[in-house]
Amino acid sequence: MSGKPKFYLTTPIYYTNGLPHIGHTYTTVVADVIRRFKRMRGYEVLMTTGTDEHGVNVERAARNAGIAESEFVARMADAWRALWDELGLSAEEFVRTTDLRHVRTVQWLFKQCKENGYVYKGHYTGLYCIYDNLFVNEPKPGNLCPDCDRPLEMLTEENYFFKLSAFQKPLMDFYRKNPDFIQPETRRNEILSFVEGGLKDLSITRTTVRWGIPVPSEEPHVFYVWFDALTAYLTAVGGPEHEKRGFWPCDLHLVGKDIIRFHTVYWPAFLMAAMVPLPKQVWAHGWFLMDDKKMSKSKGQVVLPRPIANMLGADALRYFLLREVVFGQDGNFSYEALVTRYNSDLANGLGNLASRTAAMIEKNFVGRIPKAGKLQPQDEALAKETQSAIGDVLEHFEALSFARALEGIWAIIAAADKYLTTEKPWSLGDSEDDVQRKTNVLATTAELLRIVTVLAHPVLPDSTAKIWTLLGQPGKVSDIELDGLRWGQLKTGVQLGVAQTLFPRVEKNEAIERMESMTNEELNPAPGPAPAASATATSGGAAVASAPAATEKIAIEDFAKVEMRVGQIKTAERIVGADKLLKLTVDIGTEIRQVCAGIAQYYAPETLIGRKVAVVTNLAPRKLRGVESNGMIIAASVGPEGRPVLAGFHEDVEIGSRLK
Ligand SMILES: [Zn+2]
């Protein structure tokens, strides 16, 4: 057993009817940054994430996929875990709610609540869809199911209820005694007024759901969503035996603002009822919006983490998410801002400082870190500035003010750039004075870089590890204790290590196009095993009939899935910042569609008006350079450069005719 203080934090247990997007990634990145930061402050840290695998939606998704629920959730859990591993977000504990240890914990918690008199059997009556097997709280007009549009029926079901109403006063007392329990302040006020308004008892079991944790000796009752999912936080640290591992009560639950109520009202009430100590804090962050709207997969308006990590590196993704928005508020996601920050802050900022410092030490001191002699006032000023920034940065991290912490670190980087520009070590010669001056300037810069590397490590784990190696410093940067970090600890006389690529500059338009293209590929995977050939061809939004290749044969039914129609181009314009794309509006008979096509380098917009083209009309909408594209124009790909040539008709054809 280590004598270190313990720190336990969690992400939500994510629901597995879909795959992670940037919102889930954001929460998990934040948790991972806190985890690394706390560890460098001397804590023994445990982070939990996982997958919520029960319920009707999973039942249905498995049925649609034609596989058993257990098989479906196993695949989903693998996919989530694989993505987190790929992004370097490896929590200590990954709880699947189908794990046996979790089943045990939920049943145990229920038993505690029941024995203490907070659970009773009752009836739940509501509108129910017999096709989807679910109760509907907000039916469509005419009492229709919002999912399948079929008529709902009034159904009464036997349920176990949790006496949430008994906890109004205990919860209010708890919030008052623990003013920091709910963060940020706006969320706290929301919850306080919700609880003040009175609490209704909560149905916590179902008999209409099959895929769930059984209530012991009460089949067909299974536990309902929140009683099951929230308990995963306890499962991860020992379940009924949580006292043994010493990580409970949890220090921090990180959640999206949409699930704050479950975490700050239901969850503490369940725990009070079972006489388990309550978590110390719940922090709700905002959403990443796209063009100020909530992301939505069905509208093709979604950002995925993998394409960004593939293009710019996982560190760049982490940096952007934490730097761009104030933690707790909503933020706007744009690829434009992402690439701009990448180039300015990472490539030109930290990356450039590290590589030019190393190059000058290599050239002037045969790659050995020099030891400073008598410093000049400007060296001392920079040292002082850096030293005093350390405390501020740590305070901001501790308060989860990530943007401000990073601002503080990047202010030091900017100061170093300015210092080098003023001191011009590269212009100094070989006289004794000049060599002494070079020594001091480069030793000062190297020391500043070392401090920046340590401070930025929780956010940029991979690249700071590379810089640490480059500086030839002993041990691992992750083992440095933040509280002991001070100016003057640079190990001198050591040889520089291997230089590795940090943040290669990228061309903005090209990078954005590639990330969007990878996102489209991931959202609409090409059927069959050969998606690589179409990956570049479709990037501009024009489908390109590729040169004859040994493609797999498809059945006529597969072809029939593609709906192609004759369309007429009504308007065409260039898209600012996208050299290859044109924004078109196309009349397809039943409606006018906006479609982007990657043909701008070969077709002048004005020559296209009135032209009849073949359009794929049933493709899921997607975004290209921030412009929605709702369909795809068919073109041949000609020659080695893949020049697009629009498919057309020699005879007059009616707009909207289907191509078969
Ligand atoms: Zn339905």
>> Given a Förster distance of 60 Å, report the FRET efficiency between residue 659 and residue 376 from their Cβ-Cβ distance, rounded to the nearest 0.05.
In response: 0.20
> Per the helix-only calculation at 222 nm, which mean residue ellipticity applies to the chain, given -39500 (n - 2.57) for every DSSP H run of n ≥ 4 and division by its residues, nearest 500 deg cm²/dmol?
Replying inline: -12000 deg cm²/dmol
> Which stretch or stretches of the range 44-66 have amide N atoms under 19 Å from the point lying 7 Å from residue 258's Cα along the Cα→Cβ direction?
Replying inline: 50-61
>> Can you tally the net charge around residue 60? Count Lys and Arg as +1, Asp and Glu as -1, for every other residue whose Cβ sits under 12 Å from the Cβ of residue 60.
In response: -2
> What FRET efficiency would be calculated for the residue pair residue 44, residue 559, taking the C-beta separation as r and a Förster radius of 56 Å, to the nearest 0.05?
Replying inline: 0.45
>> Can you give the longest run of the chain that contains no GluC sites (Glu not before Pro) sitting in a DSSP loop with at most 12 other Cβ atoms inside 10 Å?
In response: 1-480
> Expressed in nm to one decimal, what extension gain is obtained for the pair residue 395 and residue 120 from 0.36 nm per residue of sequence separation less their Cα-Cα distance?
Replying inline: 94.3 nm
> Which distance in nm do the two modelled labels at residue 340 and residue 407 give, with both placed 7 Å along the Cα-to-Cβ direction?
Replying inline: 1.7
> If the cut-off is 18 Å between C-alpha atoms, which lysines fall inside it for residue 438, apart from same-chain ones fewer than 8 positions away?
Replying inline: 363, 371, 374, 418, 424, 491
> Bin by bin, in steps of 10 Å, what percent of the Cα pairs in the range 444-485 do you find, going until the bin that has the longest distance?
Replying inline: 30, 65, 5
> When the convex hull of the C-alpha atoms of the range 58-188 is computed, what volume per residue in Å³ does it have?
Replying inline: 218
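Using a 1.4 angstrom probe on heavy atoms only, work out the carbon and sulfur share of the accessible area of the chain in %.
Numbers: 15260 of 29690 Å².
Ligands and nucleic acids excluded, carbon and sulfur give 51 percent.
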> Under the Kirkwood approximation for Rh and a Cα-based Rg, what ratio Rg/Rh is obtained for the range 157-289?
Replying inline: 0.97
>> Taking the full set of protein chains and a 1.4 angstrom probe, give the accessible area of residue 397 in square angstrom, rounded to the nearest 10.
In response: 10
> Taking K and R as +1 and D and E as -1, what net charge do the other residues with C-beta under 12 Å from the C-beta of residue 386 add up to?
Replying inline: -2
> Within the P(r) computed for the range 549-660, what percentage of the Cα pairs occupies the region above 26 Å?
Replying inline: 18
>> Which aspartates and glutamates, if any, have their Cα less than 13 Å from the Cα of residue 38, not counting same-chain residues under 8 positions apart?
In response: 251, 395, 398, 479, 481, 483
>> Suppose the chain between residue 65 and residue 149 were pulled fully straight at 0.36 nm per residue; how much longer would it get relative to their current alpha carbon spacing?
In response: 28.1 nm
> Per 5 Å bin from zero, what fraction in whole % of the C-alpha pairs of the range 255-383 is there, up to the bin with the longest pair?
Replying inline: 2, 8, 11, 12, 12, 10, 10, 10, 8, 7, 5, 3, 2, 0
> Once fully extended, how much extra length lies between residue 79 and residue 168, figured as 0.36 nm per residue of separation less the alpha-carbon to alpha-carbon distance?
Replying inline: 28.0 nm
>> With Kirkwood's inverse mean 1/r over C-alpha pairs for Rh, give me the Rg to Rh ratio of the range 588-644, two decimals please.
In response: 0.96
> Which semi-axis lengths, in whole Å and largest first, follow from the square roots of five times the eigenvalues of the Cα gyration tensor of the range 372-490?
Replying inline: 27, 16, 12
> In straight Cα distance, which aspartates and glutamates are under 13 Å from residue 660, not counting same-chain residues fewer than 8 positions off?
Replying inline: 557, 558, 563
>> Keeping every protein chain present and rolling a 1.4 Å probe, give me the accessible area per residue for the chain in Å².
In response: 45
>> Rounded to two decimals, what is the ratio between the C-alpha radius of gyration of the chain and 2.2 N^0.38 Å?
In response: 1.13
>> I want to check the label-to-label distance for residue 571 and residue 362. Put each point 7 Å from Cα in the C-beta direction and report it in nm to one decimal.
In response: 5.3
> In nm, to one decimal, how far is the residue 86 label point from the residue 590 one, both placed 7 Å along Cα→Cβ?
Replying inline: 3.5
> What is the range 248-301 by shape, rounded, prolate or oblate, if you read a ≥ b ≥ c off the alpha carbon gyration tensor as root eigenvalues and call it rounded for a/c under 1.5, prolate for a/b larger than b/c, and oblate otherwise?
Replying inline: prolate
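The values are calculated or read from the model by the stated rules, or taken from the named source; none is laboratory data. Given the structure is predicted, the values throughout are model-derived calculations rather than measurements. All Cβ positions, even for glycine, are placed from backbone atoms using ideal geometry, and neighbour counts span all protein chains on display. Heavy atoms of the whole protein, side chains included, go into the accessibility calculation; ligands, DNA and RNA do not. Shrake-Rupley method; radii C 1.70, N 1.55, O 1.52, S 1.80 Å.
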